[in-house]
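Coordinate-derived values only; no laboratory data. Not measured: the values here are computed from a predicted model. Methodologically, a virtual Cβ is constructed for each residue, glycine included, from the backbone with ideal geometry; neighbour enumeration extends over all protein chains shown.
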Amino acid sequence: MALQLFMDKALHPELRMVAAVVLFETKPTVALVSTIASILKKETSMQIVSFVYSYIRSLTRSTAPDYATVRSEERRVGKEC
């Protein structure tokens with residue numbers, strides 16, 4: 001559900017950003033992080049791109065093992081954005 005909301009470009013950017021936070025709080029798999037990166041490549045709202053990339057960067061600074069997947073994918077996401 002959160003992924004569908006995040007992908008819905010008709011929604012207000014703030015709602016889409018909340019959906020992104022929900023996605024990352026679920027401790028996403030590598031596949032989900034890759035999907036989000038692919039979505040960001042095609043995203044036209046710089047507000048969304050900037051927020052999600054900044055959020056990913058903040059998670060990479062976490063030492064919590066729950067975010068190891070995000071840390072491992074962060075470099076690739078940064079190159080794609």
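Among the residues making up the stretch 1-42, those that are outside any helix (DSSP H, G or I) and touching a residue at least 24 places away in the same chain (Cβ under 8 Å) are Lys9, Thr26, Lys27, Pro28, Thr29. The single condition from (1) crowded, with 18+ Cβ neighbours inside 10 Å; (2) of a type outside the set (Asp, Glu); (3) touching a helix residue (DSSP H, G or I) at 6+ places or on another chain (Cβ under 6 Å) that Ser45 fails is (1).
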